[in-house]
Amino acid sequence: MSFKRFDPEDFVVSSDSITSTLWYNDVPTLTSFYTSSTQAASSAGNYYLSVYHTSSYQNINFDIVYADSVGSGSELFNSIVPGNSPTKTMFGQYRALILEDENADFVFGEGNNVITGSHFWVLSIERARYKESLFPGSLNLTLSGSGGTIQLTDNSRDSLVNKFVGTSRVYQLVSGSNGTAGSLANSGYVANSGSYGLVFPDLGTIILNPYAISQSINVAPSRSNNSDGFNNDTLFTAISKGASFALNSQETITSDFVFVRARNSEFNYSENPSFISGSTGEVIYDEFINQPQVYVTTVGMYNDSNELLAVAKMSRPLLKDFTKEALVRVKLDF
């Protein structure tokens, strides 16, 4: 075994962005959607509705949530405490998660076409599905109602700079496809109702604006007091009828490349005990004195305390002698 200290130029850091299909089983576009009546009838169904990949109710793809600032659209926790209901709880949860301010409001749209959202739907992508973030420009969601059909996407390709709400990157949800509203009227917005929602790729969260959706396809939540409006199911029905939900994930893989250099005069001798006479300590074979040959099989990386931190195995033994130099590139992924 031989040792050599690395030089600073032997280290290179590289970052690669990898995109892949998001849904379970690498399905690029969901066309069928399933929910569990058991879950919907349970206490959890008061807060969210899970959408599954198959009718066997395994492998959740995303959850549907309805949130209301005054608690409308669901039964009260306690009839003597007005407005305190699951929908209000969900509104507070997403306000804390996204706006990071309990007094802030959700605003849909930009410029002169904005609206403050006192209630909204949420599509919360299953955490295991989207890895690091949603891939901007890959969102294509079709909703269908009695008023027609709309296709929604984020406006990432129309937005020249990244925008943030709180500390979260955000895009507007607009009518269009593949990250652009194209030449659509109002830039994919709805007149006097702002955008169709907000997309937070780093949170795996899509918020939908009921005002814009209602005006476009006549799909609206029920905001009755102290009564379950089944609003999660209302959006689920619109998604099911649209029968098309495409979305990809994105992940940044950071790799450290370490270049291990063995010059012609280095690492040519072996410390294998079978090469040395046990009684005299001499090299048994004379050719290993002036014309040694060894095979490199493993590269070990040690710290200054002589602790082994990483091991790189060669795909095949590499012949090394005084007439050869070797350069081995070791890739460390984190």
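The values are calculated or read from the model by the stated rules, or taken from the named source; none is laboratory data. Computed from a prediction, not measured in an experiment: that's the story for all the values here. Here the Cβ is made from the backbone with ideal geometry for all residues, glycine too, and neighbour counts use every protein chain on show. Keep in mind that these areas ignore ligands, DNA and RNA; they rest on the heavy atoms of the full protein, side chains included. Shrake-Rupley method; radii C 1.70, N 1.55, O 1.52, S 1.80 Å.
Note on segment 137-284: Kirkwood radius taken over Cα pairs, Stokes-Einstein applied at 20 °C and 1.002 mPa s, translational D equal to 110 µm² s⁻¹.
Using a cut-off of 16 Å between alpha-carbon atoms, which aspartates and glutamates can reach LYS324, once sequence neighbours fewer than 8 places away in the same chain are excluded? Output for LYS324: GLU266. Beyond 22 Å in Cα-Cα separation lie the following of the pairs LYS131/LYS241; LYS4/LYS331; LYS4/LYS313: LYS131/LYS241.
Here the translational diffusion coefficient of segment 211-334 follows from Stokes-Einstein with Rh set to the Kirkwood radius across Cα pairs; for 20 °C and 1.002 mPa s it amounts to 100 µm²/s. The distance separating the Cα centre of segment 86-138 from that of segment 5-82 comes to 13 Å. Between segment 152-199 and segment 274-319, the C-alpha centres lie 61 angstrom from each other. Entry note, segment 108-181: relative contact order of 28 percent, from Cα contacts under 8 Å with a spacing of 6+ residues. Taken along its principal axes, the alpha carbon cloud of segment 9-56 reaches lengths of 62, 25, 14 Å, longest axis first.
Relative contact order for the chain: 20 percent, from Cα pairs under 8 Å spaced at least 6 residues apart, divided by residue count. Over all other residues within a Cβ to Cβ distance under 11 Å of PHE91, the charged ones net out to -1, with Lys and Arg as +1 and Asp and Glu as -1.
The Rg/Rh ratio for segment 74-215 is 0.98, where Rg is the radius of gyration of the alpha carbons and Rh is the Kirkwood radius. Can you give the FRET efficiency to the nearest 0.05 for ASN226 and ILE18, using r as the Cβ-Cβ distance and R₀ = 45 Å? E(calc), rounded to 0.05, equals 0.40. Computed from the alpha carbon positions, the gyration tensor of segment 89-139 leads to an equivalent ellipsoid with semi-axes of 23, 17, 10 Å, biggest first. Between HIS53 and GLN58, ASN61, the built amide H atoms are under 5 Å apart, and every one of these is 5 or more places off in sequence or on another chain. Computed on protein heavy atoms with a 1.4 Å probe, the accessible areas place SER17, SER195 in the order SER17, SER195, largest first. In the chain, the convex hull through the Cα atoms has an average projected area of 26.2 nm², a quarter of its surface area. Once the convex hull of all Cα atoms in segment 56-146 is built, its volume per residue stands at 194 Å³. Surface composition of segment 109-239: carbon plus sulfur atoms hold 46% of the accessible area, using a 1.4 angstrom probe and ignoring ligands, DNA and RNA. Across every pair of non-identical alpha carbons in segment 266-333, the mean reciprocal distance, once inverted, gives a Kirkwood radius of 14.1 Å.
Dividing the helix sum by the residues of the chain, where each DSSP H run of 4 or more adds -39500 (n - 2.57), gives a mean residue ellipticity at 222 nm of -3000 deg cm²/dmol. Normalised by the number of residues in segment 1-103, the mean separation of alpha-carbon contacts (under 8 Å, six or more apart) gives a relative contact order of 15 percent.
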